[in-house]
1. Given only helices, namely DSSP H runs of n ≥ 4 each adding -39500 (n - 2.57), what is the per-residue ellipticity at 222 nm of the chain, to the nearest 500 deg cm²/dmol?
2. For segment 1-142, what does the equivalent ellipsoid look like in terms of its semi-axes, each the square root of 5 times an eigenvalue of the Cα gyration tensor, given largest first in whole Å?
3. Based on alpha-carbon centroids, what's the gap between segment 151-191 and segment 27-90 in Å, whole number please?
4. Please state the charge dipole magnitude for the chain, taken about the Cα centre, from unit charges on C-beta atoms (+1 on K and R, -1 on D and E), reported in debye and rounded to the nearest 20.
5. Treating the angle as unsigned and between 0 and 90°, give the value, to the nearest 10°, between the Cα long axis of helix 152-172 and the longest Cα principal axis of the chain.
6. Label 7 Å along Cα→Cβ of A129; segment 58-79 residues with amide nitrogen under 20 Å?
7. How large is ³J(HN,Hα) for each residue in segment 91-102, as worked out from phi by the Karplus curve 6.51 cos²θ - 1.76 cosθ + 1.60 (θ = phi - 60°), to whole Hz, x for Gly and Pro?
8. Given a 1.4 angstrom probe, what's the average accessible area per residue across segment 146-235, in square angstrom?
Amino acid sequence: MLKNRVALVTGGGRGIGAACATLLAQAGASVALLDLDAASAEARATAIRESGGRALGMGCDVTDAAAVERAFARVIAELGGLQVLVNNAGSAVRVPATEIALDDWRKVVELNLTAVFSCARTAARHMLAHGGGAIVNIASIMGLSGGIYPNASYQASKGGVVNLTRALALEWAAQGVRVNAVAPTFVRTALTEAVFSDPERRAAVMAHTPLGVLPEPEDIAAAVLYLASPAARCVTGIVLPVDSGYLAR
Ligand SMILES: NC(=O)c1ccc[n+]([C@@H]2O[C@H](COP(=O)([O-])OP(=O)(O)OC[C@H]3O[C@@H](n4cnc5c(N)ncnc54)[C@H](O)[C@@H]3O)[C@@H](O)[C@H]2O)c1
């Protein structure tokens, strides 16, 4: 499905990003994994290579625009191009709005929104000049709802990703760069450990899960693969929830 394509996944060392990198490699892409934690990116790349895929893992802080430029240039040089970007790196500081330090607010917005923009345009500069590509941003159901407990910085940043996705899709559509987003509900990863280890929060999550089953990272990766692949050649500017029914209410 993605033979002869190069895909770059930010935050690819673990969780949803690692699942995306693995599935994109299984679909035939050469995959670059960038992560703040270089060791996890390299370990996941090694695992992909050992299963017969082509992968390159490296450390990169996606909030550092100069580091992003250098890392993307290295991927393009070493893997021979860039046709797919998965903007996955993200984080949360779950503190009530009246309590959150502005520095923490800024860190969340910097990683979840500004870095998504800077990675998208770094990739697009290459894609626009080389026949197009597909960008998939990992938003969240929290970008489409107010959430179920206080987390305003996260909700605001992911809401920004939703509308950034639409704006970039329109800006680049005529030149063959598609931009879409996936909006997961709660997925068990390191990011949500604190949510799932708190019985009250876990119960609240399940009360907002009509299907009664939450997605695994691989379920999110499946949606990413669809949007990244030629099967979605006429799809741009959409936000695809993988939400077990959360948004249907
Ligand atoms: N887990 C969920 O319930 C859930 C739900 C909706 C959306 N999401 C989104 O999915 C994405 C992945 O989440 P996850 O649950 O796999 O989280 P995770 O914490 O397990 O993984 C995030 C990865 O991003 C990396 N990272 C963090 N800061 C970075 C930086 N500055 N530069 C490069 N890499 C960095 C981390 O090292 C880690 O490997 C995030 O954007 C998150 O907001 C997650």
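The values are calculated or read from the model by the stated rules, or taken from the named source; none is laboratory data. All values reported here derive from a predicted model rather than from experimental measurement. Positions of Cβ are generated from backbone atoms using ideal geometry, with glycine treated the same way; all protein chains shown enter the neighbour counts. For the accessible areas, the whole protein counts, side chains as well, though only heavy atoms, and no ligand, DNA or RNA atoms are used. Shrake-Rupley method; radii C 1.70, N 1.55, O 1.52, S 1.80 Å.
1. -13500 deg cm²/dmol
2. Equivalent ellipsoid semi-axes, largest first: 26, 17, 13 Å.
3. When both Cα centres are located, 20 Å separates them.
4. 700
5. With both axes taken from Cα atoms, the answer is about 30 degrees.
6. Answer for this model: 65-79.
7. Running phi through 6.51 cos²θ - 1.76 cosθ + 1.60 with θ = phi - 60° gives 7, 8, 10, 7, 9, x, 4, 6, 9, 5, 5, 4 Hz.
8. 46
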